[in-house]
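Heads up, the thing below is written out as structure tokens.
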Amino acid sequence: MSEVVVLGAGPAGCAAAIELGRGGGKPVLIDRNARPGDALCGGFLSWRTAQRLGQLGCSPEELGAHRVDTLMLYGPGRSVNVTLSQPCWGLSRHALDTRLRALASEAGSTLEVDTIREVDGLELHGRSSHRTASALFLASGKHDVRGSGRPREAADPALGLRLRIQPSAGLARRLAGRIELHLFPGGYAGIVLQEDGAANICMALRKSLFAAHGGDPRALLGGLARTHPHFGLRLEPHWAEAQIDTIGAVPYGWSTAETRPGVFRVGDQCAVIPSLAGEGIDIAVASGMAAAKAWLTGGPRASTTFQADFHSAVTGPIRWAGAAWQVAERPAMASAALSAVRFAPSLLEKVILATRLA
């Protein structure tokens, strides 16, 4: 009998593998890395994400995650401090993915290391193997596999950039108990401490802003630090020596209701919410769990119904997050929005709730 294959051992793939394994599915979990790295996106976990991870037996608090109770917004000429209704968490993807892989193994999945170069329906062509799956859970994250790519048609596409600033007393003091969102014309940066005390700086930027700095990420960061002093204060001495990770043409705002029979698209392969919402990991985990449950009850044929249903569920949060992103990257609109939030914090709470997946 053909295998049930989960392609990608990130949060979406592991969530699917855990649910499949616990339901008797015995999936093969394929990833190009034998050990988890520290992925560019996903270092912040909302309270909704923490609740959903708890259903899998993964507690951010038990993994030493940095507790976040406050959101600090820095925009054009002003800042706003908002107390969050429930605690959130800063946790590295290395710590999260390591725990989820362990849970997937405990549930009965088998991890195989291979680089899958092409997917043709249920046929997987890898560097070291070729296989035919009875069902495929496509969970390759923001990286597309040939034969299963997503459209990238934006005139001024978004790029992802991330660096980690080593622990220091100054960072620990400035970022204690909070996540910061710094708004720039054409982009934004989220900053949060993680379990080891390092500051994770994750940015979404328009390609035009990147090009205006010669396509040099260090020149970009240095320029933003000079024009946005609060952001500059987070770049500790020697920040330029830190590794900077980038990813191009992220299709924020995209989601799909369509798939091939037997192929379950999960995580960023089914929906990409703008990162300022802080809900990407929840969508990844929720989609993986829902897809696995669909297969357990309906087999491979359930893929098309699952895809349509999940697309319907995620459309609202993505639309709200996209609207917030458009406001954030336009100085006049961002300034007006921050003024409104300063006098009526409940407005921001409503937007936050609207970007959560039910």
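Rule-based calculations on the coordinates, nothing more; no lab input. The model shown is predicted, which means the values in this text are computed figures rather than measured ones. Glycine also receives a Cβ, built like all others from the backbone with ideal geometry; neighbour counts cover every protein chain displayed.
Things worth noting here:
- Extreme residue, farthest from E195 (Cα to Cα), among residues of region 95-110 that are buried (at least 17 other Cβ atoms within 10 Å of the Cβ), under 23 Å from the mean Cα position of the chain (by Cα) and touching a residue at least 60 places away in the same chain (Cβ under 8 Å): A104
- In region 14-31, the residues that are outside any strand (DSSP E or B) and either in contact with a strand residue (DSSP E or B) (Cβ under 7 Å, 6 or more places away or on another chain) or surrounded by fewer than 15 Cβ atoms within 10 Å (Cβ to Cβ) (or both): A16, A17, L20, G24, G25, K26, P27
- Test: residue in region 50-71 that is more than 24 Å from Q326 (Cβ to Cβ), surrounded by 20 or more Cβ atoms within 10 Å (Cβ to Cβ), among the basic types (K, R) and within 19 Å of the chain's Cα centre (by Cα): yes
- Among residues of region 217-260 being within 24 Å of the chain's Cα centre (by Cα) and among the acidic types (D, E), the one that is nearest to A313 (Cα to Cα) is E258.
- Helices (runs of 4 or more DSSP H) enclosed by region 262-358 - at least 2 residues per element that are touching a Phe, Trp or Tyr at 6+ places or on another chain (Cβ under 7 Å) and over 16 Å from L183 (Cα atoms): 280-298, 303-328, 346-354
- Selected residue [polar (S, T, N, Q), surrounded by fewer than 24 Cβ atoms within 10 Å (Cβ to Cβ) and closer than 26 Å to R93 by Cβ] from T305, T256: T256
- Matching residues, region 76-94, being surrounded by fewer than 19 Cβ atoms within 10 Å (Cβ to Cβ) and not in a strand (DSSP E or B): P76, G77, H94
- Of all residues in region 124-152 being of a type in the set (A, V, I, L, M) and assigned to a loop (DSSP other than H, G, I, E, B), the one that is nearest to the chain's Cα centre (by Cα): A139
- Only listed residue being among the β-branched types (V, I, T), farther than 21 Å from V272 by Cβ, touching a helix residue (DSSP H, G or I) at 6+ places or on another chain (Cβ under 9 Å) and without any contact (Cβ under 8 Å) to a residue 24 or more places away in the chain, chosen from T305, T297: T305
- Looking at A336, A302, just one residue is among the small types (G, A, S) and closer than 22 Å to G186 by Cβ, and that residue is A336.
- Answer from A219, A199, A172, A211 - the residue that is among the small types (G, A, S), without any contact (Cβ under 8 Å) to a residue 40 or more places away in the chain and closer than 21 Å to Y252 by Cα: A211
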